[in-house]
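Single-structure report; data block below.
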There are 2 protein chains.
Amino acid sequence: MKRSLEHIEYNQDTEAMAKFAKALGHPTRIAILKHLENQSCCFTGDLVEVFPLAQSTISQHLKELKNAGLIQGELKPPKIKYCIQRDNWNKAKSLFLEFFE
Amino acid sequence: MKRSLEHIEYNQDTEAMAKFAKALGHPTRIAILKHLENQSCCFTGDLVEVFPLAQSTISQHLKELKNAGLIQGELKPPKIKYCIQRDNWNKAKSLFLEFFE
DNA sequence: AAAACCTATCGTATATTTGCGATAAGCAAT
DNA sequence: ATTGCTTATCGCAAATATACGATAGGTTTT
């Protein structure tokens, strides 16, 4: 990408919402989050069984959701338990609510 | 992208929401939509003056929003007036509402 | 210490996205 | 018909995203 202009400055809410939206912009990630909502939490392995995707692919999607702040991982040896990150979840929620009015 | 599996089948709502989210996944497009909400409608040229981006770039973002169904263009020669597509907007709204509960 | 299990990361291939300038396309007015 | 105005599209370049297999890293159990 050519970035002649040193990154446009947007409103902070705009940036935050775009970041959340981007993370939600893939059906697999939506599905993962819906799954997490139902189960409240789950392990990577559970998801690998639910979705016909390679373990590395699932892991990558989880990483993106984590980077966006929508989920968080908790070490439960020998597994890792992923849960919704409620603070950011609520933040995203209110951003979308406000956006759509 | 390698697609060994012939495209995973997701729930229709999941697919729809991911499509909307993807369109919202860029700050410029969020900003354009916010602008449209304020003004109710506007022309491509207006946006070119608001954002420090090339006209072709703006046009491309508008195209994506149109493809996602979030806006619609109406010919007002010699200009084109863009407005929010209310039906799909409301659909997106309810999808996100339901998603976040 | 070794084996087994679970998950993350690396390397690779391909597709998509983002952005620009240049050009084309459509319409109005001259 | 030509000009001018507005917007879309094309062609390019660079960055990101998506998916996989292979491998590494960390824990627990043997």
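Bear in mind that the values in this text are calculations on the coordinates, not laboratory data. This one's a predicted model, so the numbers in the text were calculated from it and none came from an experiment. As a convention, Cβ positions derive from the backbone with ideal geometry for all residues, glycine included, and neighbour counts pool all protein chains shown.
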If you take every residue apart from residue B:25 with its C-beta less than 12 Å away from the C-beta of residue B:25, what net charge results, scoring Lys and Arg +1 and Asp and Glu -1? +3
What is the local net charge at residue B:46, summed over the other residues whose Cβ is closer than 11 Å to its Cβ (Lys, Arg +1; Asp, Glu -1)? +1
Over all pairs of distinct alpha carbons, what does the Kirkwood formula give as the hydrodynamic radius of chain A, in Å? 14.8 Å
Over chain A, what is the percentage of antiparallel beta bridges among all DSSP beta bridges, to the nearest 5? 100 percent
What order do you get for A:76, A:19 when you list them from fewest to most C-beta neighbours inside 10 Å? A:76, A:19
Could you check how many percent of all C-alpha pairs in the protein assembly as shown are farther apart than 26 Å? 39 percent
Peptide B:47-54: average number of partner chain Cβ atoms within 10 Å per residue? 1
For the protein assembly as shown, with only Lys/Arg (+1) and Asp/Glu (-1) charged at the beta-carbon, what is the dipole magnitude about the Cα centre, in debye rounded to 20? 420 debye
For residue A:86 and residue B:98, what is the calculated FRET efficiency with R₀ set at 22 Å and r taken between the beta-carbons, to the nearest 0.05? 0.75
At 7 angstrom along the Cα-to-beta-carbon line, where would the label on residue A:67 sit relative to the other copies? Give the distances in nm, shortest first. 2.2
In this model, which of A:34/B:19; A:19/A:91; A:19/B:79; A:22/B:76 are farther than 22 Å apart at the alpha-carbon? A:19/B:79; A:22/B:76
Shielding of B:30-40 by partners, i.e. mean partner chain Cβ atoms within 10 Å per residue? 3
